[in-house]
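Asks: Questions regarding the structure given below will be posed in turn.
What follows is calculated from the coordinates using simple rules that are stated; it is not laboratory data. Being a predicted model, the structure only gives us computed values, none of them experimental. Note that we place each Cβ from the backbone using ideal geometry, even for glycine, and neighbour counts take in every protein chain shown.
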Amino acid sequence: MKVTKAVIPAAGLGTRMLPATKTVPKEMLPMVDKPAIQYIVEEAVAAGIEDILIVTNRAKSAMDDYFDYYPELEDRLNASQKDRELAEVRRAADLANIFYVRQKETKGLGHAIWRAKRFVGDEPFAVLLGDDIMRAKTPVIGQLIQASEKYRCAAVGVQQVSTDAISKYSSLKVEPLEGNVFTVSDLVEKPRREEIFSNYAVLGRYVLTPAIFDILENLSPGVGGEIQLTDGLRQLCRQDRMVAVDFEGRRYDTGNVRGFLEATIDFALDHPLTEKWLKAYIKEKAKEF
């Protein structure tokens, strides 16, 4: 059950980040010196993923261009002896085999995943949500792939959230299996308080089996009138085995301003070009409060 393919749903309208995302895809907003989407791709590549499908929409061709060669720019950088910049520009284009498909209608995350059916074929595959950026010693999707390959089933990445916050996510019914791995027997999307199974919520990372596609294709619209991936997972865990991995790492929801700024600051504090300056700047600013 080797996982070599990944799907990144990136077709959302970015309404939580307006007005910046009116004309710029939220996935292309810069975090330090790279667009947010590159962190997602790099996580997948670090976990051994070779082929990546990005699900986009008609307004997001900038992502197609970003992961391509740009000969005119590269020639200019080479002529100016800007070797570091040239290496970074070329590295982005060479990270992986990247493919694209458009979600022609805004019909939910489940529908976006279903659009990857031909790309995936009859293989297990990883899913990395474009709004969720992770910081971890071991790539979070790699932690899920390891569990999926060990137990030969679908795996979802989870962490515990507060009771007040669980209504924004999906709540899982789980039983301990081994270490930080649990067996999943049920889940519910955006539960009311009386519907909560546990405080374990799925947070942006999945390894799915191709059985999910037939489920999604025949799924009725759920919350918000959209095809919800959670509803598909609910059916999948009832017909096949599924595990949840309480992953090691910090998750940032970069689809909103607060999460985006938190991620940017934390990554900048670890970046060799900004670390020293930013630490000094923050100390100086703190004196004003």
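Asks: Output needed: percent of Cα pairs per 10 Å distance bin for the chain, bins running from 0 to the one holding the longest distance.
Replies: Binned Cα distances yield the sequence 6, 26, 36, 21, 8, 2, 0.
Asks: Sticking with this one: May I ask you to sort ILE54, ILE282 by Cβ crowding, counting other Cβ atoms within 10 Å and putting the fewest first?
Replies: Neighbour counts put them in this order, fewest first: ILE282, ILE54.
Asks: Report, to one decimal in Å, the Kirkwood hydrodynamic radius for region 1-143 based on all distinct Cα pairs. Walk me through the intermediate numbers first.
Replies: Working: mean 1/r = 0.0624 Å⁻¹.
Kirkwood hydrodynamic radius for region 1-143: 16.0 Å.
Asks: Restrict the search to region 12-83; then list the GluC sites (Glu not before Pro) that DSSP places in a loop and that have at most 16 other Cβ atoms within 10 Å of their Cβ.
Replies: Here the sparse-neighbourhood loop sites are GLU50.
Asks: In addition: I need THR274, THR56 ordered by Cβ neighbour count within 10 Å, fewest first.
Replies: Going from sparsest to densest Cβ surroundings: THR274, THR56.
Asks: Report, to one decimal in Å, the Kirkwood hydrodynamic radius for region 25-80 based on all distinct Cα pairs.
Replies: It is 12.9 Å.
Asks: Then there's this: May I ask which residue of TRP277, PRO139, ALA155 lies farthest towards the positive end of the charge dipole of the chain, with charges of +1 (Lys, Arg) and -1 (Asp, Glu) on Cβ and the Cα centre as origin?
Replies: TRP277
Asks: A further question follows. Dipole size in debye (nearest 20) for the chain around its Cα centre, Lys and Arg Cβ +1, Asp and Glu Cβ -1?
Replies: 520
Asks: Among GLU226, GLU194, GLU275, whose mean-square fluctuation peaks in a Gaussian network model of the chain (Cα, cutoff 10 Å)?
Replies: Residue with maximal mean-square fluctuation among GLU226, GLU194, GLU275: GLU194.
Asks: Between ALA280 and ARG258, how high is the FRET efficiency from 1/(1 + (r/R0)^6) when r is the Cβ-Cβ distance and R₀ = 22 Å? Nearest 0.05.
Replies: 0.40
Asks: What percent do you get for the relative contact order of the chain when only Cα pairs under 8 Å and 6+ apart count?
Replies: 22
Asks: Evaluate the distance, in nm, between pseudo-label points positioned 7 Å from the Cα of ARG118 and of ARG90 along their respective Cα→Cβ axes.
Replies: Going by the 7 Å Cα→Cβ label model, 3.4 nm.
Asks: Find out how many positive minus negative residues lie around THR163, taking Lys and Arg as positive, Asp and Glu as negative, among other residues whose Cβ is under 15 Å from that of THR163.
Replies: Residues near THR163 contribute +1 overall.
Asks: For region 136-289, state what percent of all Cα-Cα pairs lands in each successive 10 Å bin, counting from 0 Å until the bin that includes the largest distance.
Replies: 10, 32, 30, 16, 9, 2
Asks: Further, regarding this structure: Hey, rough spin-label estimate for GLU74 and GLN235, points 7 angstrom out along Cα→Cβ, what's it come to in nanometres?
Replies: 4.5
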